[in-house]
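Colleague: Pasting a structure below so you can have a look.
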Amino acid sequence: MFGAAAREVPVVGQGTWHLDRADHAAALATLRAGLDAGMMHVDTAEMYGEAEPLVGEAIAGRREAVFLVSKVVPGNASRAGVIAACKRSLKRLGTDHLDAYLLHWPGHHRLEETIAGFGALKASGKIRSWGVSNFDVADLDRALAIAGPGQIACNQVLYHLGERAIEHAVLPWCRANGVALVGYSPFGSGDFPNAGSAGGRVLARLAEAQGTTPRAIALAFLTRAEGTFTIPKTARPERARANAAAGAITLAAEAIDALDAAFPRGPKPRTLPML
Ligand SMILES: NC(=O)c1ccc[n+]([C@@H]2O[C@H](COP(=O)([O-])OP(=O)(O)OC[C@H]3O[C@@H](n4cnc5c(N)ncnc54)[C@H](OP(=O)(O)O)[C@@H]3O)[C@@H](O)[C@H]2O)c1
């Protein structure tokens, strides 16, 4: 279940940051291939340039099957600003509602205001649920205190093999409070472990044993805990299909231990890492 959205959402979804920089036809074909392969969770944002219209084009005719997520930039997150920003996103996406609408990162507008805006959007049917992104535990505590339990759909945070900081406190908080944890940049935003590195060799060994790719093994590791999701981005249809296949992989305890040793969690940083 995807937190307060109370929907079954596939663990592997599709990111769209910088997708508007790719060839338009290839980007469109990739999103559609991803949907065909079951990656119905599509993550976009008002900040991602022309990604929203691209997503709108890709989901046209199959909107109801898609779990569509967009985000408001903190500068627009006053009560009225959230409502206006959502309306602009809906127009760009060519739809009348979002399945989840997120605050992209904590900003200067009072969280009470932002959450009031989300509440108004929910009441008018423009969004089905709302969530947050790049929220550390103190921010999450505040959001929970304002909104009350059972209201936050997800917290979208940086999570890849080389950056496991969220495992210290954010992930346990989300699990304890029924909030979906969506890990972004699962391939390090283009910095995936080199095949020749020690970690790369562990990934290759596990991939060979399971008849899959090192990246699929990474995605399976990042979604090993109940309530965790991941949203890799690609601009190539065959890669979208390969990423989608990771949703069906279950890692044995020994494989998880091997990855844990190869990509250690490290100490808890003072502030939550984000891109
Ligand atoms: N909330 C936030 O603050 C925040 C911040 C960052 C990202 N995000 C979200 O998270 C999504 C994913 O993160 P990201 O875009 O930073 O990067 P990412 O998904 O970690 O990595 C994308 C890179 O991996 C490559 N790639 C993807 N699948 C591949 C495959 N199967 N084989 C080989 N290479 C592959 C892509 O290349 P090609 O495209 O050339 O295939 C691209 O260079 C974003 O698109 C966005 O939706 C959210």
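Colleague: Mind listing which GluC sites (Glu not before Pro) in the range 186-275 are in a DSSP loop and have 12 or fewer other Cβ atoms within 10 Å?
Modeller: Here the sparse-neighbourhood loop sites are Glu226.
Colleague: At a Cα cut-off below 15 Å, give the aspartates and glutamates reachable from Lys71, other chains included and same-chain residues fewer than 8 away excluded.
Modeller: Asp43, Glu46, Glu50, Glu52, Asp99
Colleague: Something else: What is the range 191-275 by shape, rounded, prolate or oblate, if you read a ≥ b ≥ c off the alpha carbon gyration tensor as root eigenvalues and call it rounded for a/c under 1.5, prolate for a/b larger than b/c, and oblate otherwise?
Modeller: Judged from the Cα gyration tensor, the range 191-275 comes out rounded (a/c under 1.5).
Colleague: Moving to a separate point now. Among the listed pairs Lys87/Lys268; Lys91/Lys233; Lys87/Lys233; Lys126/Lys233, give every one whose C-alpha distance is greater than 30 Å.
Modeller: The answer is Lys87/Lys268.
Colleague: Now for a different question. Suppose every K and R has +1 on its Cβ and every D and E has -1 on its Cβ; what is the size of the dipole of the range 93-227 about the Cα centre, in Debye to the nearest 20?
Modeller: Here the range 93-227 has a charge dipole of around 260 debye.
Colleague: Restrict the search to the range 1-88; then list the trypsin sites (Lys or Arg not before Pro) that DSSP places in a loop and that have at most 15 other Cβ atoms within 10 Å of their Cβ.
Modeller: Arg62
Colleague: May I ask you to compute the full-extension gain from Asp96 to His18, defined as 0.36 nm times their residue separation minus their alpha-carbon distance, rounded to one decimal in nm?
Modeller: 25.7 nm
Colleague: Multiplying the sequence separation of Glu238 and Arg142 by 0.36 nm and subtracting their Cα-Cα distance, what value in nm do you get?
Modeller: 30.4 nm is the gain from fully extending Glu238 to Arg142.
Colleague: So, one more: Between Ala65 and Ala198, what length comes free when the chain is fully extended (0.36 nm per residue of separation minus the Cα-Cα distance, one decimal in nm)?
Modeller: Extending this stretch completely gives an extra 43.8 nm.
Colleague: Do any GluC sites (Glu not before Pro) in the range 1-83 lie in a loop, going by DSSP, with at most 12 other beta-carbon atoms within 10 Å of their beta carbon, and if so which?
Modeller: Passing both the DSSP loop test and the Cβ count: Glu8.
Colleague: Now, a different point. About the Cα centre of the chain, what is the dipole size in debye to 20, counting +1 per Lys and Arg Cβ and -1 per Asp and Glu Cβ, all else neutral?
Modeller: The dipole magnitude comes to about 320 debye.
Colleague: Once a ≥ b ≥ c are taken as the square roots of the eigenvalues of the Cα gyration tensor of the chain, is the result rounded (a/c under 1.5), prolate (a/b larger than b/c) or oblate (a/b not larger than b/c)?
Modeller: oblate
Colleague: Let me ask something else about it. Would you work out which of Gly211, Gly178, Ala100 lies farthest towards the positive end of the dipole of the chain, given +1 charges on the beta-carbon of Lys and Arg and -1 on that of Asp and Glu, about the Cα centre?
Modeller: Most positive-ward Cα: Ala100.
Quick note: the coordinates plus some simple rules give every number you see, no bench work behind them. Note that the structure is predicted; figures quoted are calculated from it, not measured. Virtual Cβ from ideal backbone geometry, glycine too; neighbours counted across all protein chains shown.
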